[in-house]
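Below you'll find the structure, written out as structure tokens, and then a few comments.
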Amino acid sequence: MPTITSINPYDGSTILKIETIKDDEVVDLLEKSQTCFTEWKTTSFSERSKLLKGIAVILRNNKEEYAKTITLEMGKPITQAIAEIEKCAWVCDYYAQSADKHLASSSVVSNASKSYITYEPLGVILAIMPWNYPFWQVFRFAAPALMAGNVVVLKHASNVFGSAKLIEDIFIKAQLPQGVFRSLPIQSEQIEAIIANPIIKAVTLTGSERAGSSVAALAGKYIKKTVLELGGSNALIIFDDADLEMAAEICVHARFQNTGQSCIAGKRLLLASSIADEFLEKLTSKVKKLKSGNPVNNDVFIGVLAKENLAVKLEKQLEEALKLGAKIVLGGNRTGTYFEPTIVSNITPEMAVFKEETFGPLLAVSSFTTEIEALKMSNRSNFGLGVSLFSKDIKRMESYVSKLEEGAVFINSLVKSDPRLPFGGIKSSGYGRELGEEGIRAFVNIKTVFIS
């Protein structure tokens with residue numbers, strides 16, 4: 001049988017090997033999930049809430065253990081991995097408390113004697129999830145989906161199957177019915193047959209543009225609903241009246257947390273020309289203080305990239321920019337899976353580091369002379385996940401919101417996900433929304449009831 005291997009990106013050691021399952025075994029698991037759905041959808045919100053709160057408790061009580069697996073499998077610094085587990089507990093608590101309100105039937109005035117809308121679960125949902133936030137990406141979808149009455153089958157990234165196994169074990173420990181959540185140890189080649197199976201009612205994917213395009217095409221072929229959360233090339237726009245010290249501190253975290261491996265990381269820094277030198281000096285000073293090293297150590301902020309090919313790709317993007325006139329302000333060196341925190345200036349829109357997603361600790365810096373120019377530069381991207389604006393004039397910043405082609409606009413803050421707020425993008429960043437009220441309604445049947 002083919003195997004899936006998880007390798008520690010820091011030292012190259014093998015963490016675990018898992019045998020993949022055959023197509024007939026996949027079908028059997030899907031049928032069991034469907035059987036489970038017929039029971040799960042009849043449970044009350046209070047029953048589901050109690051179980052989801054139990055999951056939150058298990059997550060918090062075992063956060064160091066789960067975080068260590070994340071760190072070993074994909075290189076996330078351990079303190080950031082612990083924060084990821086805590087956030088998973090938060091999203092479970094949030095939907096345990098709010099699902100019934102978000103999905104309550106609502107009356108509508110019409111020419112009927114009575115008309116209203118109900119929100120009902122769809123069934124078995126396939127989740128295809130990435131490695132960069134191996135717990136969070138799963139729980140931010142699974143918590144609302146399960147509270148809505150759906151059941152979930154997960155195809156996780158091949159390098160984090162240890163995390164996938166732990167997540168499945170958590171649902172077992174919390175005593176959810178067998179089949180409510182299943183992890184499928186499968187190869188990518190098996191995905192089409194799963195999407196084609198009539199048991200699967202919808203698909204959610206977080207990942208690359210290429211993966212999103214492929215899955216969307218398959219889902220369209222078999223008429224299955226999809227939510228796609230894909231890449232991003234978020235801009236950090238520093239206007240001349242910004243609090244530069246505060247903005248620099250936020251920009252460090254926006255770009256370099258998770259060693260830069262985040263779709264919502266601030267990847268393009270756009271600076272007002274009048275403050276560009278001063279700001280860049282402040283930022284560079286802060287980045288120099290970030291400690292790199294073994295990600296299992298508590299004082300390490302910069303770990304390694306999850307795979308060496310990711311570091312090689314980033315290196316090539318940097319080399320292309322340098323040939324076109326970019327200048328290294330800081331860093332720029334790679335050793336295996338380690339890529340130095342890097343700041344590169346003189347970036348123009350024609351360069352790959354501007355127009356492509358850079359998935360690692362590299363910040364591309366450009367400058368602008370007018371605020372309209374800044375907005376145009378921000379929009380000059382195929383992506384549209386989010387943007388951060390920094391200024392003391394909040395009203396002026398709010399006036400720019402409608403001019404920005406993004407799924408989110410954060411003012412004086414880094415772009416981040418929050419269980420209470422819808423999350424997602426436009427353009428090549430995908431479509432649909434997770435989290436908030438919109439997230440739990442993503443995979444329900446919105447049913448109209450009309451009584452004459």
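Every read-out reported here was derived from the displayed coordinates using simple, explicitly stated rules and does not represent laboratory data. Since the structure is predicted, the reported quantities are computational estimates derived from the model, not experimental observations. Ideal geometry is used to build each Cβ from the backbone, glycine not excepted, and the neighbour counts take in all protein chains shown.
Observations
- For K376, the lysines whose Cα comes closer than 19 Å to its Cα, not counting residues fewer than 8 places off in the same chain, are K267, K355, K403, K427.
- Take every Cα pair under 8 Å whose residues are at least 6 apart in sequence, average their separation, divide by the length of the stretch 9-139, and the relative contact order is 26 percent.
- Cα convex hull, the stretch 378-452: 140 Å³ per residue, rounded to a whole number.
- Sites D418 and M1 - FRET efficiency at Förster radius 30 Å, r taken between beta-carbons, to 0.05: 0.15
- Our analysis of the chain gives Rg over Rh at 0.98, with the two radii drawn from alpha carbon positions and Rh computed by the Kirkwood formula.
- P(r), alpha carbons of the stretch 50-144 - 10 Å bins starting at zero, rounded %: 15, 35, 26, 14, 7, 3, 0
- Coordinate range along principal axes, alpha carbons of the stretch 295-397, Å, largest first: 44, 35, 24
- About its Cα centre, the stretch 234-418 has a charge dipole of approximately 380 debye under the convention of +1 per Lys or Arg Cβ and -1 per Asp or Glu Cβ, with nothing else charged.
- Rg/Rh for the stretch 234-418 stands at 0.94; both radii use Cα atoms, and Rh follows the Kirkwood definition.
- The stretch 224-302: translational diffusion in µm²/s, Stokes-Einstein, Kirkwood Rh over Cα pairs, 25 °C, 0.890 mPa s: 174 µm²/s
- Here each label is just a point 7 Å from Cα along the line to Cβ, and for S273 and S105 those points are 6.3 nm apart.
- Fraction of alpha-carbon pairs over 18 Å apart in the stretch 168-242 - percent: 57 percent
- Packing-based ranking, highest mean first, of 302-312, 145-155 given that Cβ atoms within 10 Å are counted: 145-155, 302-312
- Ranked packing of 357-365, 19-27, 276-284, most packed first, by mean Cβ within 10 Å: 357-365, 276-284, 19-27
- Theoretical FRET efficiency, 1/(1+(r/R0)^6), r = Cβ-Cβ of K32 and S188, R0 22 Å, to 0.05: 0.45
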